[in-house]
Amino acid sequence: MSTTYKNPVYPYQRPSELDAQDVRHYPVVIVGAGPSGLAAAIDLAQQGIHSIVLDDNNTVSVGSRALCFAKRSLEIVDRLGCVDPMLEKGVTWQHGRVFFQDREVYDFNLLPEDGHRIPAFINLQQYYFEEFLVNRAHDFAEQIDLRWKHKVIDVDAQPGNTTIKVSTQDGDYPLTCDYLLVSDGANSRIRDMLGLECKGQVFQDRFLIADVVMKADFPTERWFWFDPPFHPNQSVLLHKEPDNVWRIDFQLGWDADPEEEKKEENIRPRVQAMLGNDVEFELEWASVYTFRCRKMDNFIHHSVIFMGDAAHQVSPFGARGANGALQGVDNLVWKLARVLKQQAPETLLSTYNTERQHGAAENLLNSTRATDFITPKSHISHVFRDVTLELAEKHAFARSLVNSGRLSMPCRYDNSPLNTPDVDGGPSELRPGSPAKDAPIQLNSEGARKSAWLLNLFGDGFVLLLDGRTDEARAKTLAGELSELLNRRKDLSCVIIGPATDALSTLPRTTVVDDVEGLVAQRYGLKAGAGYLIRPDQHVAARWQALTARKVDDALDRALGVHLAHAADTTLEESCHAKA
């Protein structure tokens, strides 16, 4: 097999703990320098929290692995400061085509509207993504201690803190931490050490991933075949990657021998039959996999918090693995940072489990449904699938039933305890719990007009998005209220849709923007005096048609889980009285 990518090798360094007399304590230790672990470390660093990242390897992943990065994931990585190399290197796409046997039955567009900075999807091999994350982590040398060839061999998890033992080539050493974040993969050793389960199902089918290097005329789209002539009675998926690499997924069936199927002499005929005899290619990487759809019942065990594949796994259809993992990190870190800084009660962390259990269940449901459609296991299921595909060619209603993988969408935390009840209403896609939407804006920077994007103004804290185009008297009253609030709540900043009066535009930590194309008002359903409270992970916490500082203050408390802490205290009191 050839390879177009040379894995970087990162240096092992002898840890100072081997020479220390006492056991060192850290706020956060992260196990696993994959996408979840590195993203968590960078996010924590941006919010002023030091972490140690331990990985038992000294390079990035081998093979393309996670490939499709969705718009929401890229928006998260943009906030972490390393999306530009991904967009530059990745293959951008938004169209897909579905084929049945020898004909196309329909196509789709994942981002039909304009006015977004980030594309619907890019294809980028996981090794590039991890390398870009490592490079970004190096920008935080004071906050991120990245340790290669450090293997965790023992864990003692207690409610207050966790003790671990780490093995290196120079000897073993212990560490204690307030929180241990675990992102050591689907076969998590930490999860096994703690005797915890990941429950679900294993699908009885096998698939071959073949990354081939070739120059081809295929467009940069997602192509999926059901029962194609070159691979009858099975399915095939084709994606373009950077470096003239193409990902091909072949369904093999449960009886296939994984070791035999991985041999180049057996892969080549399959690929050649698909591409045609006149197409030359080189095989870069191949893997045969059987996938599982499963999750842990609780992602938090005392002070140990599980992330990514260590917490939940899905099939690759729909690109929900890495994308779901990044959404999970995005959900966790702002809460953990505020608990560590004593800006929020510890009960806030429980909502990571609440919200991401919902996200994981949603991904598992979509993944399982896709798998059942792609690989029907009964005669009637097979007939249903084939009839649906036949109808889809001419009838729109049938296309909604075709499932070649419902592609990753951002999760909405509709029933989150952190949401303020939605009294006033507004666009359904921006109800509380939903991720914020981007739109083009203009800033007035030092007297010059500068084009920018709305989401880039939603940083690592809470943001009040306010339509400031209101009358002078109302603006003055509102400015007085908000001034006191902003001076008291340092974690809150303000983005005002202008033109705004001097009273509003001179508020502390406030940016006034012009809605040059009217897309902010359109997408958010804004009118004068209306506003949204946006969480640090860019999800909507609350919205109002006519906001007041008091409403914002109450919504902030709710988004920080203050009411959950009060409920926990009440429950404890009641329990004590009952025992007495």
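The numbers here are math on the coordinates, done by the rules we state, and not lab data. Just so it is clear, the model here is predicted, and its values are computed rather than measured. Note that each Cβ is placed from the backbone with ideal geometry, even for glycine, and that neighbours are counted across all protein chains shown.
Structure values in brief
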quantity	calculated
Amide H contacts under 5 Å for Arg24, placed H, 5+ residues apart	Thr176
Unit charges at the beta carbon, dipole of the stretch 428-563: most positive-side option, Leu430, Gln522, Gly498	Leu430
J(HN,Hα) series, the stretch 196-207, from Karplus relation 6.51 cos²θ - 1.76 cosθ + 1.60, nearest Hz, glycine and proline x	9, 10, 10, 9, x, 9, 9, 8, 7, 7, 10, 10
Segment Ala528-Asn456, length gained on full extension (0.36 nm per residue, minus Cα span)	23.6 nm
Gained length - Asp278 relative to Asp514, 0.36 nm times residue gap less alpha-carbon distance	79.4 nm
Restraint check, Lys215/Lys240; Lys240/Lys437; Lys341/Lys490; Lys335/Lys490; Lys71/Lys437, Cα-Cα greater than 18 Å	Lys240/Lys437
Long pairs among Lys450/Lys527; Lys262/Lys295; Lys6/Lys89; Lys476/Lys551, criterion Cα-Cα beyond 19 Å	Lys450/Lys527; Lys262/Lys295
Simple spin-label estimate for Ser287 and Phe230 in nanometres, 7 Å along Cα-Cβ	2.3
Label zone at Lys199 (point 7 Å along Cα-to-Cβ), backbone N below 12 Å, the stretch 289-312	295-298
Ranked Asp178, Asp227, criterion: other C-beta atoms within 10 Å, fewest first	Asp178, Asp227
Vicinal HN-Hα couplings computed from phi for the stretch 537-551 (Karplus, 6.51 cos²θ - 1.76 cosθ + 1.60; Hz; Gly/Pro x)	8, 6, 9, 6, 9, 6, 8, 8, 6, 9, 7, 10, 4, 5, 4
Size of electric dipole in the stretch 428-563: Cβ of Lys, Arg +1 and of Asp, Glu -1, about Cα centre, debye, nearest 20	220
Residue-by-residue Karplus 3J(HN,Hα) for the stretch 380-387, coefficients 6.51, -1.76, 1.60, Hz, glycine and proline x	5, 5, 5, 4, 4, 4, 5, 5
For Ile30, residues with placed amide H under 5 Å, excluding near neighbours	Ile52, Val53, Leu54, Leu181
Amide H contacts of Arg222 (H built 1.01 Å from N, under 5 Å, at least 5 apart or other chain)	His95, Gly96, Arg97
Magnitude of the charge dipole, the stretch 164-232, Cβ model with Lys/Arg +1 and Asp/Glu -1, debye to 20	100
Linear extension gain, Val23 paired with Ala473, 0.36 nm per residue minus alpha-carbon span	155.9 nm
Alpha-carbon centroid distance for the pair the stretch 275-291 / the stretch 394-440, whole angstrom	36
Listed candidates (1) 83, 60, 54; (2) 75, 66, 56; (3) 108, 68, 40 - label of the one calculated as Cα extents along the principal axes in Å	(2)
Estimated FRET transfer efficiency (Asn58, His566; beta-carbon r; R0 41 Å; 0.05)	0.30
Partners for Lys149 among aspartates and glutamates (Cα-Cα distance below 16 Å; same-chain residues under 8 apart left out)	Glu17, Asp55, Asp56, Asp170, Asp172, Asp184
Scattering curve values for the stretch 428-563, log₁₀ I(q)/I(0), Debye with Cα scatterers, q = 0.14, 0.20 Å⁻¹	-0.57, -1.24
Burial ordering of Arg558, Arg535, Arg117, fewest other beta-carbon atoms within 10 Å first	Arg117, Arg558, Arg535
Helix-only [θ]222 nm of the chain, DSSP H runs n ≥ 4, -39500 (n - 2.57) each, per residue, nearest 500	-9500 deg cm²/dmol
Alpha-carbon centroid distance for the pair the stretch 84-109 / the stretch 170-218, whole angstrom	27
Shape parameters for the stretch 354-408, alpha-carbon atoms, Rg then Dmax in Å	13.2, 42
Farthest toward positive dipole pole in the chain [+1 Lys/Arg, -1 Asp/Glu at C-beta], among Asn277, Pro508, Asn233	Pro508
